[in-house]
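The values are calculated or read from the model by the stated rules, or taken from the named source; none is laboratory data. Computed from a predicted model, the values in this text were never measured in an experiment. Note that we place each Cβ from the backbone using ideal geometry, even for glycine, and neighbour counts take in every protein chain shown.
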Amino acid sequence: MITLSKADYEKMLAHAISELPNEACGLIAGTKQGNDKQIKKVYLLTNTDHSNEHFSLDPKEQLAAVKDMRANGLVPLGNWHSHPESPSRPSDEDKRLAFDSTASYLILSLMDREAPVLNSFHVENNEASREELVIEE
Amino acid sequence: MDITVAGVKKTVSDGLTVAQLIVDEKVETPEYVTVTVNDEFVESGTFDVTVLKDGDNVEFLYFMGGGR
């Protein structure tokens with residue numbers, strides 16, 4: 001299970017909306033106990049692809065985020081990105097480029113602008129499985 | 001000599017290259033790893049000729065991306 005605060009969810013959503021029509025992306029960090037992950041910080045990074053179909057995290061911003069995590073005693077938990085026009089599920093390319101089977105991959109669909117959908121996934125051997133996601137008030 | 005890798009101090013052999021460090025650290029999917037030494041990005045084609053020095057601070061950044 002992975003837990004996200006409502007404030008961090010709204011931060012992610014606001015960034016995703018501000019980046020439309022392109023995909024938005026970032027990193028998530030927090031704490032981990034067994035299979036339970038608590039997201040403590042959401043990082044908003046630049047999509048260097050500037051595309052509505054692809055994303056790549058900016059390596060310089062990624063480096064700064066990794067240092068910030070370490071300085072704050074957080075561990076990297078995975079990443080997040082938006083799907084402006086498609087459902088909240090990993091695409092073939094998402095799965096192909098998901099190299100860390102322990103990471104959580106959060107996908108925020110804005111296909112229905114009035115009802116965004118956020119899901120978390122694990123990807124292993126090119127197979128995605130949904131991870132329980134709890135958004136806390 | 002002593003270097004720091006992903007925030008952890010380590011003692012390594014003099015003359016260690018970035019390419020050998022990637023092997024020693026058992027970095028997964030090395031073809032998708034970006035390396036920084038003292039916050040400077042190392043060109044991927046130069047890993048085998050980039051020799052680390054005492055006190056260097058190395059980070060491995062894993063490519064993250066995807067598409068719809």
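Structure values in brief
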item: Candidate set from region B:26-42 (those that are under 21 Å from residue A:68 (Cβ atoms) and assigned to a loop (DSSP other than H, G, I, E, B)); member that is farthest from the other protein chains (Cβ to nearest Cβ); result: B:38
item: Scope region B:43-68; condition of a type in the set (A, V, I, L, M), more than 11 Å from every other protein chain (Cβ to nearest Cβ) and buried (at least 17 other Cβ atoms within 10 Å of the Cβ); matching residues; result: B:52, B:58
item: Matching residues in region A:68-95 - criterion: being without any contact (Cβ under 8 Å) to a residue 60 or more places away in the chain, surrounded by 14 or more Cβ atoms within 10 Å (Cβ to Cβ) and not in a loop (DSSP other than H, G, I, E, B); result: A:68, A:69, A:70, A:76, A:78, A:79, A:81, A:93, A:94, A:95
item: Number of the exception - residue A:16 against (1) buried (at least 20 other Cβ atoms within 10 Å of the Cβ); (2) part of a strand (DSSP E or B); (3) not polar (S, T, N, Q); result: (2)
item: Residue A:99 vs. criteria surrounded by fewer than 21 Cβ atoms within 10 Å (Cβ to Cβ), of a type in the set (Phe, Trp, Tyr) and either modelled with pLDDT under 95 or not in a loop (DSSP other than H, G, I, E, B) (or both); result: yes
